[in-house]
Each structure stands twice: as structure tokens, then as C-alpha cells.
Amino acid sequence: MKKFFDLLKKGDFKGIFLEKTDDTFLQLFRYVFVGGASFVADSAALYVITELGVHYLISGILSFTFGLCVNFALSKWLVFSKKNEGSEKIKEFAVFAVITVIGLGITEFLMWVFTEKLFWYYMISKAVAAVIVLFWNFFMKKLFLYRTKKN
């Protein structure tokens with residue numbers, strides 16, 4: 001956390017967003033930023049697909065797929081510094097996808113509960129579920145995919 005605030009105090013936005021780091025707090029900050037961008041992409045797709053007449057839970061799966069691709073690309077670029085090549089990259093994406101698909105299951109369940117049982121608007125349900133699942137995704141990815149020797 002100290003590193004983040006030192007960089008912020010210096011106004012070093014390149015250090016905050018772009019320079020490679022293994023600092024967990026800085027990675028979490030970046031992941032929240034990446035998660036926000038992914039959430040916007042996912043939510044926009046969810047809204048458009050649902051308004052075209054597709055059931056919101058089906059739309060959620062389709063929009064999730066789009067958000068997954070955005071999240072993977074931005075996470076690799078901005079959050080986690082571990083680099084994989086060739087078949088390792090395929091394995092990495094597979095594990096990334098499995099963790100995120102479990103997150104999708106959690107999201108879909110929470111959206112169903114909030115929308116069907118609590119009668120919330122589906123976009124509000126999505127927002128609340130996304131905040132909860134953001135932490136699941138970050139810590140599982142950090143633990144299983146991007147762990148460094150000191151983690």
C-alpha cells in the first residue's frame with residue numbers, strides 16, 4: 001500500500017498503471033480499474049442484448065464472454081507481470097477462463113436472486129454481483145495464475 005501512495009504522491013501515473021509490479025495492493029488497484037473497464041464492456045453488451053429481446057440470464061452469459069476477453073487482455077497488459085509463451089499462454093487462458101467462469105456462475109446466481117427474489121432491476125443486480133465477484137476473480141487469479149515466489 002505504501003508503494004501505491006508514494007507513487008500517487010509523486011504523481012507517477014506511469015508507475016501506478018503501467019510499470020511491472022508484484023505489489024499486491026498496486027495490482028488490486030489496477031485490477032479494480034481493469035474490472036471497471038471490463039464491467040462497462042460487459043454491462044453495455046448485457047443491456048444491448050437484453051433490450052434486443054434476449055432473456056437477461058442468457059444475455060449475461062453472452063456479455064460475460066465479451067467482458068472476459070477484455071479483462072484477460074487488460075489484466076495481462078496492466079495488472080500481472082508474469083509472462084507466458086506458446087502452450088503456457090493457452091494453459092494460462094484456460095485457467096483464467098475457469099476461474100472467471102466460476103465467477104460467472106456466482107454472478108448469474110446473484111443476479112437471479114436479486115432480480116427474481118428481491119425484484120431489483122437486472123442492471124442493479126449485475127452491478128452488485130460484479131463488485132462481489134471482482135474480489136473472487138482477483139484473489140483466485142493471483143493465487144493460481146500469477147503467484148510470484150514471495151507470494
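I need a count of the residues in region 111-127 that are closer than 17 Å to SER38 by Cβ and either hydrophobic (A, V, I, L, M, F, W, C) or loosely packed, with under 13 Cβ neighbours inside 10 Å (or both).
So the answer is 3.
Checking PHE66 against (1) open to solvent by less than 70 Å² (accessible area, probe 1.4 Å); (2) assigned to a helix (DSSP H, G or I): exactly one of these is not met. Which one?
Only one criterion is unmet by PHE66, namely (1).
What's the number of the condition ILE58 fails, among (1) aliphatic (A, V, I, L, M); (2) outside any helix (DSSP H, G or I); (3) open to solvent by 80 Å² or more (accessible area, probe 1.4 Å)?
The single condition ILE58 does not satisfy is (2).
Test each condition in (1) part of a helix (DSSP H, G or I); (2) in contact with a helix residue (DSSP H, G or I) (Cβ under 9 Å, 6 or more places away or on another chain) for ALA94 and report the one that comes out false.
Of the numbered conditions (1) part of a helix (DSSP H, G or I); (2) in contact with a helix residue (DSSP H, G or I) (Cβ under 9 Å, 6 or more places away or on another chain), the odd one out for ALA94 is (2).
So which of PHE4, PHE39 ends up being modelled with pLDDT under 90, in a helix (DSSP H, G or I) and over 13 Å from the mean Cα position of the chain (by Cα)?
Working: PHE39 fails: over 13 Å from the mean Cα position of the chain (by Cα).
From the options PHE4, PHE39, the qualifying one is PHE4.
Sort through ILE90, ILE61, ILE49, ILE132 and tell me the only one that's out of contact with any Lys or Arg (no Cβ under 8 Å at 6 or more places or on another chain), modelled with pLDDT of 95 or more, more than 26 Å from PHE13 (Cα to Cα) and of a type outside the set (Phe, Trp, Tyr). Before you say what the answer is, go through the steps one by one.
On the way: ILE90 fails: modelled with pLDDT of 95 or more; ILE61 fails: modelled with pLDDT of 95 or more; ILE132 fails: modelled with pLDDT of 95 or more.
Result: ILE49 is the single residue among ILE90, ILE61, ILE49, ILE132 that is out of contact with any Lys or Arg (no Cβ under 8 Å at 6 or more places or on another chain), modelled with pLDDT of 95 or more, more than 26 Å from PHE13 (Cα to Cα) and of a type outside the set (Phe, Trp, Tyr).
The values are calculated or read from the model by the stated rules, or taken from the named source; none is laboratory data. Remember, it's a predicted structure, so these values are computed and weren't measured experimentally. Note that each Cβ is placed from the backbone with ideal geometry, even for glycine, and that neighbours are counted across all protein chains shown. Surface areas here come from the heavy atoms of the whole protein model, side chains and all, with no ligands, DNA or RNA. Shrake-Rupley method; radii C 1.70, N 1.55, O 1.52, S 1.80 Å.
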